[in-house]
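What follows is calculated from the coordinates using simple rules that are stated; it is not laboratory data. Predicted, not measured: the structure shown is a model, and the values here were computed from it. Note that each Cβ is placed from the backbone with ideal geometry, even for glycine, and that neighbours are counted across all protein chains shown.
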Amino acid sequence: MGDIEELVASRGSTALAEDSRGGDRLSRAIERIPAKYDFEIRKTLWAIEKHRAGVVGLQFPEGLLHFSVLIAAILEEFSPQRIATVILGDVSYGACCVEDYGSSQIGCDLLVHYGHSCLIPAPASQTRTLYVFVKIAVDTSDTLVRFISENFTKEHVLCIVTTVQFVDAVHSLRTCLQQNGYTVVVPQTKPLSRGEILGCTSPTVDSIDAAIYFGDGDFHLEAFIMSNPQKAVYAYSPYTDTVTKGSYDVARIHRERRGDIAEIKNAKTVGVVVSMLGRQGNMALLGRVKAALVDAGLTPIVVLIPQVDPSKLARIRSVDCWVVIVCPRLVLDWRRHFEKPMLTPYELFVALGRTEWREIYPLEYYAADSGEWNPGNPKNIGRLR
């Protein structure tokens, strides 16, 4: 009998009752999840009871979706009251994709969003939302410590950044390095956790000699390089236990972006794309963009779209260029797939003379101290749709 079938077959007994082998059944159910992943099952059950939730939405990134049915079964079996769980299958690239609107439409009393930090303030959410970071337990790597000792002296100042899953590991690493005489900076961009970066939100860190990205993949690493183009940045993967030199063609990105900024001078009609994927879009920011275009004598046309598709935008021929209220990495990484020039709101404000071009490109989409062209700016928080 499999994990899920066994849970279903055992329903009806007291949730936390002792079984014949000792220990509670909930603990044994949790043990079916790989120990290195912390899905915070007990905290979730507590939240379900506290808020008297009857329908609970579960939203996972694709990399964790294979745990979804087991976790749903555990929550339904051990909830203090009878509940129904709903697994939301839409793509979830990050916390910007939180589906509080979608879950409210299907009657969820509570949404559990797994794998990302909280970017949307609770008062602005349409469904009560619990964020479970799914922290991953890893030991301080001998490989990484050895790499640092072989390549840096105690006089070097090092910076370490990561994703939310490995924040605890990074703080442990910092303590280890500091005890060995190294100076380590772990920056914070609020509202993110200290040390956490996103693909769209990364700090510029001054007065460091090198940086280490503790995590997997290139998306977050590239954001940090974009924000710190003059720094040596290395990537440590806890999955492969390897260290590599990070790279990103920042000069090419700058050339492409300045080229598109120049193109708006020839435009008359500007399409404004607002992403409806989770919370990437922002109605307050849309208002600012439309007002700026009108003030400049341009005609804005608003297009709402779940995911920005080059073929769909190509069918709208009357638009001269696009401004996209969506993850800025779409423009930076995928511009070549679109026919017409594409600008982020920041780039639009540069083109219209409302702000200056920055030689260090500002990846600060959700930063609380960012410019008014970002959803994270306090002027735009609370009016996300």
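Of the residues Gly259, Gly278, Gly199, the one that moves most in a GNM of the chain with alpha-carbon contacts below 10 Å is Gly259. When the square roots of the Cα gyration tensor eigenvalues are ordered a ≥ b ≥ c, the ratio a/c for the stretch 250-351 is under 1.5, which makes its shape rounded.
Ranking Gly271, Met283, Gln307 by how far each Cα lies toward the positive end of the dipole of the stretch 250-351 (charges on Cβ) leaves Gln307 at the top. Rounded to the nearest 500, the 222 nm mean residue ellipticity of the chain from helices alone is -8500 deg cm²/dmol, with -39,500 (n - 2.57) taken per DSSP H run of at least 4 residues. Any idea how far the Cα center of the stretch 311-325 sits from the one of the stretch 54-114, in Å? The distance from the Cα centre of the stretch 311-325 to that of the stretch 54-114 comes to 34 Å. All C-alpha to C-alpha distances of the stretch 142-245, sorted into 10 Å bins beginning at zero, yield P(r) values of 16, 55, 28, 1 percent in whole numbers. Between the alpha-carbon centres of the stretch 235-252 and the stretch 327-380 there is a gap of 25 Å.
Does the stretch 86-170 classify as rounded, prolate or oblate by the C-alpha gyration tensor (a ≥ b ≥ c root eigenvalues; a/c under 1.5 gives rounded; else a/b over b/c gives prolate, otherwise oblate)? Prolate is the answer for the stretch 86-170, as a/c is 1.5 or above and a/b outweighs b/c. 3J(HN,Hα) along the stretch 370-377: 7, x, 5, 8, 10, x, x, 4 Hz, from the Karplus curve 6.51 cos²θ - 1.76 cosθ + 1.60 with θ = phi - 60°, whole Hz, x for Gly and Pro. For the chain, the square roots a ≥ b ≥ c of the C-alpha gyration tensor eigenvalues yield an a/c of 1.5 or more together with a/b not exceeding b/c, which makes the shape oblate. The alpha-carbon of Lys268 sits under 18 angstrom from the alpha-carbons of these lysines, leaving out residues fewer than 8 places away in its chain: Lys290, Lys340.
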